Amino acid sequence: MAGSFAHMANLLFPRGCAGCDKPDDVLCDACLASFDCELSQPLETAEMGRWFACGWYRGAARQSILAWKDHGDEECDRPFSDALCRLAERAGVIDAMDGVREICDTILVVPAPSSIASMRQRGRRHMMPLAKRLSAFLRCRTGFRVQVCDALTNKGIKGKSVETKGTEQRAQRLKGHVMVRLGVTLQNKAVILVDDIVTSGATMRRCVDALTSQGALVITVLALAHTPAGRPLAA
């Protein structure tokens, strides 16, 4: 029944690509290609020594992420989660998972936390569908015990991370607010952290620090997009 209503809605109100508004596409091939860049930066506290992103936070990638994240375009869940799965495969995450089999009994896919205010505004935990699909993909590819775990929370953070200027300002904004949820056990667990946008890396590093402080082994971080400091967003 729900599928019939969705089909009817598409006939009456055909959608456009989230990145460029091309008719009848959730994300057209050209815009989807902007999530196949495989960017990488050092992350000393991760097992792989690096974190990875699907593409730059600019142009069509930026527009489509904004449509999904802040304007409720949930149909982007599928192409974005597929992009993360492709990134995990190309970046060598599956090989890295094999390397921790002897020391970790479970691998957790952990979404980076949003503030309570942001979740209320969006009406959902927007990274959770992506984390679930990535978890299923990795479980199927490796046969390893892979689970989604909403392990992190942040409290009292005001403003969007991507809007905050400067690495130091971001770090101060997050200080003491990103933490592991009560009751979550991370001993003998390996973690793959997933995020939407990495800018200075302050949020990512706070998340990794919180996880490792509770005994987790963080394999790497996978993100949809990267905005390095000083780079024009609309380039």
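Taken together, the values in this text are just the output of simple stated rules run on the coordinates, not laboratory data. The structure presented is a predicted model; accordingly, all values stated were derived computationally and were not measured. Neighbour counts run over all protein chains shown; Cβ positions are idealised from the backbone, glycine included.
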## Note on the structure
Square roots of five times the C-alpha gyration tensor eigenvalues of segment 1-154, ordered largest first and given in whole Å, equal 30, 18, 16
### Query
Efficiency by 1/(1 + (r/R0)^6): what FRET value for Gln187 and Ala117, r their Cβ-Cβ distance, R0 = 30 Å, to the nearest 0.05?
0.40
### Message
Using only the Cα atoms of segment 31-110, what are the Rg and Dmax in Å?
### Response
14.6, 43
### Message
Quick check on packing: order 213-220, 181-188, 57-64 by the mean number of other C-beta atoms within 10 Å, highest mean leading.
### Response
57-64, 213-220, 181-188
### Query
At Asp29 and Lys155, where each label point lies 7 Å from the Cα along Cα→Cβ, what is the point-to-point distance in nanometres?
5.1 nm
### Query
What is the gain in length, in nm to one decimal, between Thr45 and Arg145 on full extension, counting 0.36 nm per residue of separation less the C-alpha to C-alpha distance?
33.7 nm
### Task
Please work out the C-alpha center-to-center distance from segment 180-203 to segment 72-136 and express it in whole Å.
11 Å
### Summary
Label model pair Glu75, Arg101: point-to-point distance (7 angstrom along the Cα→beta-carbon line) in nm is 4.1 nm
## Note on the structure
Neighbour-count ranking for Lys69, Lys189 (other C-beta within 10 angstrom, fewest to most) reads Lys69, Lys189
